[in-house]
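Structure first, commentary second.
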Amino acid sequence: MIQWDKTMVQPGADIETIADFFRDLCRHCEKEGKQAAHEVIRSRITERHLQEGLCLAADGNHPSIVGRYLRETLPHNWHPDLVQRLASAVEIWQSGGPLHEVLGCFSVPVSDR
């Protein structure tokens, strides 16, 4: 069993908390497979729409569907810059991109990507 930081991800969470979540999620999926992502998602995400979007991605839904869902539902509770970062990170994670690319979504200003 992989140990991860138990800090919850919710609207208003700082970017480091969100990056830590994605680091834990990527590492967990490397060891257990993407199908096991639900365990991490449900235990760490309190915001319903982000939780649902991540579960859609883990279940193998097309990235365009997942991205559209996140971009349509998250802006109600999250800052627009963070919505774009989250959607990009989910897309990279879902497509099997490397951890450094996923985490890069949270370190580079959106306008510079």
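The values are calculated or read from the model by the stated rules, or taken from the named source; none is laboratory data. These numbers were taken from a predicted model, which means no experiment stands behind them. Neighbour counts are summed over all protein chains in view; Cβ atoms, including those assigned to glycine, are modelled from backbone coordinates with ideal geometry.
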The stretch 98-113, residues that are at pLDDT 95 or above, part of a loop (DSSP other than H, G, I, E, B) and either under 14 Å from R27 (Cβ atoms) or among the aliphatic types (A, V, I, L, M) (or both)
P98
Boolean, I65 is of a type in the set (V, I, T) and under 15 Å from I18 (Cα atoms):
no
So D20 ticks every box in (1) within 11 Å of the chain's Cα centre (by Cα); (2) over 18 Å from R85 (Cα atoms); (3) among the acidic types (D, E) but one. Which box is left unticked?
(2)
Note on the stretch 29-74: residues buried (at least 16 other Cβ atoms within 10 Å of the Cβ) and at positive phi are none
Assess whether V83 counts as being in contact (Cβ under 8 Å) with a residue 24 or more places away in the chain, surrounded by 14 or more Cβ atoms within 10 Å (Cβ to Cβ) and either of a type in the set (S, T, N, Q) or in contact with a helix residue (DSSP H, G or I) (Cβ under 8 Å, 6 or more places away or on another chain) (or both).
no
Report whether or not T7 is in contact with a strand residue (DSSP E or B) (Cβ under 8 Å, 6 or more places away or on another chain) and among the β-branched types (V, I, T).
no
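Per-residue answers, yes or no, for (1) over 9 Å from the mean Cα position of the chain (by Cα); (2) surrounded by 16 or more Cβ atoms within 10 Å (Cβ to Cβ):
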{"site": "E16", "(1), (2)": "yes, no"}
{"site": "D24", "(1), (2)": "yes, yes"}
{"site": "H76", "(1), (2)": "yes, no"}
{"site": "V90", "(1), (2)": "no, yes"}
Need at least 3 residues that are under 16 Å from V102 (Cβ atoms) and either in contact with a Gly (Cβ under 7 Å, 6 or more places away or on another chain) or in contact (Cβ under 8 Å) with a residue 24 or more places away in the chain (or both) per element, so show me which helices (runs of 4 or more DSSP H) inside the stretch 6-75 make the cut, counting only ones lying wholly within it.
15-32, 48-58, 63-73
